[in-house]
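The values are calculated or read from the model by the stated rules, or taken from the named source; none is laboratory data. Fair warning: this is a prediction, and the values are worked out from it, not measured in the lab. With ideal geometry, Cβ positions are generated from the backbone for all residues, glycine too; neighbour counts draw on all protein chains shown. These accessible areas exclude ligands, DNA and RNA; they are computed on the full protein's heavy atoms, side chains included. Shrake-Rupley method; radii C 1.70, N 1.55, O 1.52, S 1.80 Å.
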Amino acid sequence: MNTEILLWTAIGLCFFLAGMVKGVIGLGLPTVAIGLLGLFLPPAQAASLLLLPSLLTNLWQAASGGALGALLRRLAPLLAGILAGTALGVALGIGLGQADAAQARLVLGLALILYGLFGLAERSLALPLRHQGWGGGLAGLVTGVITAATGVFVMPAVPYLQALRLERAELLQAMGLCFTAATLALAGSLAGGAGLGGDALIGSALAVPPTLLGMVAGRRLALSPRLFRRLFFLGLLALGLHLAWPG
């Protein structure tokens with residue numbers, strides 16, 4: 001009983017911290033949650049706990065703003081690519097519910113390292129309008145495969161969205177749409193790999209309150225967003241190195 005209490009306390013703390021990150025910078029919930037949970041849970045179990053907190057917070061983020069229709073049309077290739085890429089990952093047998101836990105942890109660590117390095121580089125990207133259709137489809141396809149393999153759905157979707165040069169409010173709404181699609185695709189991949197059941201959904205529901213509390217705390221945090229982003233990406237880099245390090 002004591003061990004179970006400690007486990008759920010640790011899980012709640014992970015989601016509180018992940019929610020705090022999302023509250024400050026508008027993204028990072030799945031990356032932080034799965035990265036931290038991956039320290040003591042199999043990645044597939046960590047991803048199943050993420051589903052409801054990610055879906056609810058990203059649906060809210062996607063619905064906040066007046067550009068929903070325009071963004072849905074503009075991001076259709078990206079969203080379709082995410083769904084197709086996740087299905088492809090499952091078909092290739094690399095989904096979280098299918099792969100060996102050690103292999104999944106290694107791939108997760110590499111994904112976090114890549115995202116951490118990209119964030120620290122602070123590169124300013126721009127994609128011409130004529131390339132956004134096929135570029136979105138390709139970015140979505142790769143993001144979907146990575147989502148199936150790791151449960152992390154930021155690369156290369158987030159760099160692609162940043163390259164569209166959207167206004168901040170539109171960018172946050174676009175991320176909400178992208179992450180909602182990726183969460184639904186992840187749920188499908190876990191169900192296909194027998195990594196999603198009733199107990200997992202109950203656990204995911206229990207993770208919602210600490211996530212929301214973390215988001216509220218993050219919005220009240222008196223810290224420079226730029227400094228926080230640097231600390232966030234440094235933390236992801238360190239976490240990725242730890243997960244990927246053989247041992």
GNM, the chain, Cα, under 10 Å: largest mean-square fluctuation among Pro77, Pro42, Pro128? Pro128
By accessible area of protein heavy atoms, probe 1.4 Å, what ranking do Leu59, Leu78, Leu213 get, highest first? Leu213, Leu59, Leu78
Between Trp134 and Ala101, with labels modelled 7 Å along Cα→Cβ, what's the label distance in nm to one decimal, could you check? 4.4 nm
Prolate/oblate/rounded call for segment 98-247, Cα gyration tensor, a/c under 1.5 rounded: rounded
Counting pairs of alpha carbon atoms under 8 Å apart in space and at least six apart in sequence, what relative contact order in percent does segment 111-159 give? 41 percent
What nm distance separates the two modelled labels at Thr3 and Ala84, each placed 7 Å from Cα along Cα→Cβ? 4.6 nm
Can you compute the helix-only [θ] at 222 nm over the chain? Use -39500 (n - 2.57) per DSSP H run of at least 4 residues, normalise by all residues, nearest 500 deg cm²/dmol. -25500 deg cm²/dmol
Let me know the charge dipole size of the chain about its Cα centre in debye, to the nearest 20, where only the beta-carbon of Lys, Arg (+1) and Asp, Glu (-1) is charged. 780 debye
Per residue, the convex hull volume that the Cα atoms of segment 8-106 enclose (Å³): 108 Å³
With segment 71-118 reduced to its Cα atoms and the Debye formula applied, log10 I(q)/I(0) at q = 0.33 1/Å amounts to -1.01
Extreme residue, positive dipole direction of the chain, given options Thr9, Val145, Gly214 (C-beta unit charges): Gly214
With a ≥ b ≥ c the root eigenvalues of the C-alpha gyration tensor of segment 145-206, is it rounded (a/c under 1.5), prolate (a/b larger than b/c) or oblate? prolate
Output the DSSP H helices from the chain with an along-axis C-alpha extent of no less than 24 Å and a mean Kyte-Doolittle hydropathy no less than -1.0. 2-25, 43-63, 101-121, 132-150, 168-192, 225-244
